[in-house]
Amino acid sequence: MSLRPSALLLACCTLLLSLGASAEVKVLTSIKPLQLIAAAVQDGEGSPDVLLPPGASPHSYALRPSDVRRLREAQLFYWIGPDMEVFLDKPLQARQAPSVAVQELPGMHLRKFVNFENMGHADYEDHDHDHRPGTVDAHLWLLPANAQAIAARMAEDLAIADPLNAGRYQANLKAFDERMEQLDARLKQRLAPLVGKPYFVFHEAFDYFEEAYGLRHTGVFALSADVQPGARHVAAMRAQLQKAGPSCIFSEPPIRP
């Protein structure tokens, strides 16, 4: 059986297109903030997935069988590190494909938790999560420079996994950096009048953001989303609120006031 020239040309074009096309790189992140950064870098070439469902705490999540399967199938996996997603430490030891703990990236600026004012040893009893004094504050993506460093690593990894689209990933990274710089400038301008104003947070999670914009919370209600404050700390917070007068209190969806 012979093919007509037009049919033969169509078959050749289809073959060339299939050879030139690259499959989407399967990217999985542990938490939403990392997924948003990955989505900016992978834009136009794929859609990264996120492991934790909405409202789940990365400090105490338990993997489901479907989560284990997604971990196994992902080509690239990004997590903050053992100072946040404690539940991932052992499962990732069995993973064959690359897993990147972003808190370990070169040049990453890391903060450590300090002993909260008026919080004694009793407030830390029976608490094995790493919000204890001296451990790394893993909410590192809230510092713009850290978010940019994470995006740069993702662009590098994607270019290796998908070299045909390396140019796209670099262009996306450049656009992400430009947006971050513009946002940083706007936030500095808008938040400048609030420096020194009293406000309270429920969770010790915003130190990186505060460092970037010269802010500092007056008090914190809970060590983490999973730990209720002790009686002594509750009394101290009540005294701080009365002393501060009219203040702003920032709540968080997963944390009950």
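Amide H neighbours of Phe221 under 5 Å, counting only residues 5+ apart in sequence or on other chains, H built in-plane at 1.01 Å?
The answer is Val201, Phe202, His203.
Amide H to amide H under 5 Å from Ile249: which residues, 5+ apart in sequence or cross-chain, H placed 1.01 Å off N in plane?
Phe200
Quick one: 3J(HN,Hα) in Hz for region 190-197, Karplus 6.51/-1.76/1.60 with θ = phi - 60°, rounded, Gly and Pro as x.
6, 8, 3, x, 9, 4, x, 6
Can you put Phe250, Phe221 in order of Cβ neighbours within 10 angstrom, beginning with the fewest?
Phe250, Phe221
Arrange Lys32, Lys90 by Cβ neighbour counts within 10 Å, fewest through most, would you?
The order, fewest Cβ neighbours first, is Lys90, Lys32.
Amide H neighbours of Val100 under 5 Å, counting only residues 5+ apart in sequence or on other chains, H built in-plane at 1.01 Å?
Under 5 Å from the amide H of Val100: Phe77, Tyr78, Trp79.
Just rank Thr29, Thr218, fewest to most, by other beta-carbon atoms within 10 angstrom.
Thr218, Thr29
Taken together, the values in this text are just the output of simple stated rules run on the coordinates, not laboratory data. Predicted, not measured: the structure shown is a model, and the values here were computed from it. Quick reminder, even Gly has a Cβ in these numbers, built from the backbone with ideal geometry, and neighbours come from all protein chains shown.
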